[in-house]
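Colleague: Have a look at this one.
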Amino acid sequence: MSSAALFRPSTEVVRAATLQSDPSFVTTSFGTVSLCVTDDLESLRLLWESLQAAMPCTAAQTYEWGRAWAEHVLAPRGDKPVIVVGYGPDRTPLFLWPFEMGTRAGLGFLKWLGQDHANYSMGLFAPEGARAFTRSDISRLLHEAGRQAGASAAILESQPFDWDGVPNPFALLSHQRAPNSGYAVKLDDFDALYEGQFSKRSRQTVDRKERRLRDMGALDYGWAETRDHKVSLLETFFAQKARQFAAMGVKDVFNEDARAFYQDLALLPEDSPSRLRLGYLALNGNVLATFCGALCHDRMGVVLSSLTEGEEQRQSPGGLLLRHQIEEACAAGLKFFDLGVGQARHKDEWSNIVYPLFDSFIALKPQGLSLTLPLSAAARVKGVIKSNSTLWAVAQDLRKRLNSRDG
């Protein structure tokens, strides 16, 4: 399936979009950019959906993803999105930056919309504009957006340096290497890919594990299709993930609001690039593993995954499901199978692309330094710890002990 066919860029729709707030004007190296800042997502729907079809992005930058996050996560806590749209001198849209406003120590700061649950965070940029912006241009535009939003800083995490061949202009600003990288599989002929990534012995081991599971009963690889099945599979995922988090000594990030957000995404129409596709491997009706993601621009991006407990886990059901889904993606003609951010064994085994990521901690006002300096330092320390296997093991053990004591 080609996600490129899901949307058709419409210049008429783009140009007909109406600004919902009085624009400000910023002088850049290639002319005056009119900047609109609004929290009214619905007013931007046609524009946003046209831009996401024409500009490089992941599902996390699509309209429905942002709408669901604003509705289920921001609204319950009284927060709102901050959407910034920039138009060139001829009124052609140059970019759309989906932000939200965070608060820390009484100071407001911009962060990417849904940043806490996204693998990759970035703005939507027209390719020609992305290549033309200078560091000074982006700095002026961001500061003006922050001024309109009342933000003291911008805390922007997990940003790629480029996406689908288009540079990310935010990399021109002050930044530091993010603690984690992204991992993806560039797809081609599955057999060639599989044999290139795994030795003959490893492939035989995988086949043997699959046979052992089949000997135990009915083995089913599939995708949830009905509403009831989607809701049920999500509940299974949340339960499995809660047990995994508890075993790791990690706080469960899937609170009630987050669960409502993911259910909303799972129930979107079939052709939406924001739709969360729920994949599973089941034995005799019991779900052993899940891999769930969204298809956007010929890229299947994993968002959620989980494993069962018990004897079946020894047969690597997660690895079996991942192999099956990658084979399906190759057969469908997709270009990439994205495994997401953060190192893991299955990512090291499959990935033939690693995306270095960067974080930006930018003070937009003098008082913003009280946010950016400690957060920047903490991220650097985290990066050092995660890059050292000994320190990372100690940190994980300490985290588990502290969590056990708090419990």
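The values are calculated or read from the model by the stated rules, or taken from the named source; none is laboratory data. Remember, predicted model here, so these are calculated numbers, not experimental data. Cβ coordinates were reconstructed from backbone atoms using ideal geometry, including for glycine residues, and neighbour counts include every protein chain displayed. Each accessible area value is taken on the protein alone, full model and side chains, heavy atoms only, with ligands, DNA and RNA left out. Shrake-Rupley method; radii C 1.70, N 1.55, O 1.52, S 1.80 Å.
Colleague: Taking segment 103-124 on its own, how many of its residues are over 14 Å from the mean Cα position of the chain (by Cα) and either open to solvent by 10 Å² or more (accessible area, probe 1.4 Å) or more than 30 Å from Met300 (Cβ to Cβ) (or both)?
Modeller: Of the residues in that region, 7 qualify.
Colleague: Do you know which residues across segment 125-155 are in a helix (DSSP H, G or I) and either open to solvent by less than 20 Å² (accessible area, probe 1.4 Å) or among the aliphatic types (A, V, I, L, M) (or both)?
Modeller: Taking segment 125-155 and keeping what is in a helix (DSSP H, G or I), we get 127-132, 135-149.
Scanning segment 125-155 gives Gly129, Ala130, Ala132, Asp137, Ile138, Leu141, Leu142, Ala145, Gly146, Ala149.
Colleague: Need pairs with beta-carbon distance below 7 Å; first residue more than 13 Å from Cys296 (Cα to Cα) and within segment 313-338, second assigned to a helix (DSSP H, G or I) and acidic (Asp, Glu); sequence gap 6+ or separate chains.
Modeller: That search, which allows pairs on different chains as well, returns Leu320/Glu210.
Colleague: Looking at Phe30 and the list (1) open to solvent by 40 Å² or more (accessible area, probe 1.4 Å); (2) under 20 Å from the mean Cα position of the chain (by Cα); (3) not β-branched (Val, Ile, Thr), which single condition is not satisfied?
Modeller: Status for Phe30: all satisfied but (2).
Colleague: Which of the residues that make up segment 343-376 are of a type in the set (Gly, Ala, Ser) and either more than 17 Å from the chain's Cα centre (by Cα) or open to solvent by 10 Å² or more (accessible area, probe 1.4 Å) (or both)?
Modeller: Going residue by residue through segment 343-376, those that are of a type in the set (Gly, Ala, Ser) are 344, 351, 360, 363, 368, 370, 376.
Selection gives Ala344, Ser351, Ala363, Gly368, Ser370, Ser376.
Colleague: With (1) within 22 Å of the chain's Cα centre (by Cα); (2) open to solvent by 50 Å² or more (accessible area, probe 1.4 Å); (3) at positive phi; (4) not hydroxyl-bearing (Ser, Thr, Tyr) as the list, and Leu307 as the residue in question, which single condition is left unmet?
Modeller: (3)
Colleague: Considering each of Leu288, Leu276, Leu320 in turn, give the residue that is modelled with pLDDT of 95 or more and under 19 Å from the mean Cα position of the chain (by Cα). Outline the logic, then answer.
Modeller: Working: Leu288 fails: under 19 Å from the mean Cα position of the chain (by Cα); Leu320 fails: under 19 Å from the mean Cα position of the chain (by Cα).
Of Leu288, Leu276, Leu320, the one residue that is modelled with pLDDT of 95 or more and under 19 Å from the mean Cα position of the chain (by Cα) is Leu276.
Colleague: Tell me which residues, restricted to segment 303-352, are part of a strand (DSSP E or B) and over 22 Å from Asp191 (Cβ atoms).
Modeller: Val303, Leu304, Ser305, Ser306, Leu307, Gly340, Val341, listed by residue number.
Colleague: Also, quick follow-up: Any residue that is open to solvent by less than 60 Å² (accessible area, probe 1.4 Å) and either without any contact (Cβ under 8 Å) to a residue 40 or more places away in the chain or under 29 Å from Gly108 (Cβ atoms) (or both) - is there at least one of those in segment 215-234?
Modeller: yes
Colleague: Would you mind telling me which numbered condition in (1) surrounded by 19 or more Cβ atoms within 10 Å (Cβ to Cβ); (2) assigned to a helix (DSSP H, G or I) Glu71 fails?
Modeller: With (1) surrounded by 19 or more Cβ atoms within 10 Å (Cβ to Cβ); (2) assigned to a helix (DSSP H, G or I) applied to Glu71, the lone miss is (1).
Colleague: Here's a follow-up. Given (1) open to solvent by less than 20 Å² (accessible area, probe 1.4 Å); (2) modelled with pLDDT under 95, identify the lone condition not met by Gly165.
Modeller: Among (1) open to solvent by less than 20 Å² (accessible area, probe 1.4 Å); (2) modelled with pLDDT under 95, the lone unmet condition for Gly165 is (1).
Colleague: Only one of these conditions is not met by Pro89: (1) within 19 Å of Gly165 (Cβ to Cβ); (2) at pLDDT below 95; (3) not in a helix (DSSP H, G or I). Which number is it?
Modeller: The one condition Pro89 does not meet is (1).
Colleague: Could I ask something else about it? Consider Leu267 carefully, then state whether it is open to solvent by 10 Å² or more (accessible area, probe 1.4 Å) and under 15 Å from Trp69 (Cα atoms). Step through it out loud before you land on a result.
Modeller: On the way: open to solvent by 10 Å² or more (accessible area, probe 1.4 Å): yes; under 15 Å from Trp69 (Cα atoms): yes.
Yes, satisfied.
Colleague: Could you please find all residues in segment 275-302 being out of contact with any strand residue (DSSP E or B) (no Cβ under 8 Å at 6 or more places or on another chain) and either in a strand (DSSP E or B) or under 16 Å from Leu234 (Cβ atoms) (or both)?
Modeller: Result: Asn286, Cys296.
Colleague: Which numbered condition in (1) basic (Lys, Arg); (2) surrounded by 21 or more Cβ atoms within 10 Å (Cβ to Cβ); (3) over 30 Å from Gly165 (Cα atoms) is the only one that Arg299 fails?
Modeller: Looking at each condition in turn, Arg299 falls short on (3).
Colleague: Please go through segment 242-262 and give me each residue that is buried (at least 17 other Cβ atoms within 10 Å of the Cβ) and either among the aliphatic types (A, V, I, L, M) or at negative phi (or both), ordered by number.
Modeller: Residues of segment 242-262 that are buried (at least 17 other Cβ atoms within 10 Å of the Cβ), as a first pass: 249, 254, 258, 261-262.
The answer is Phe254, Ala258, Phe261, Tyr262.
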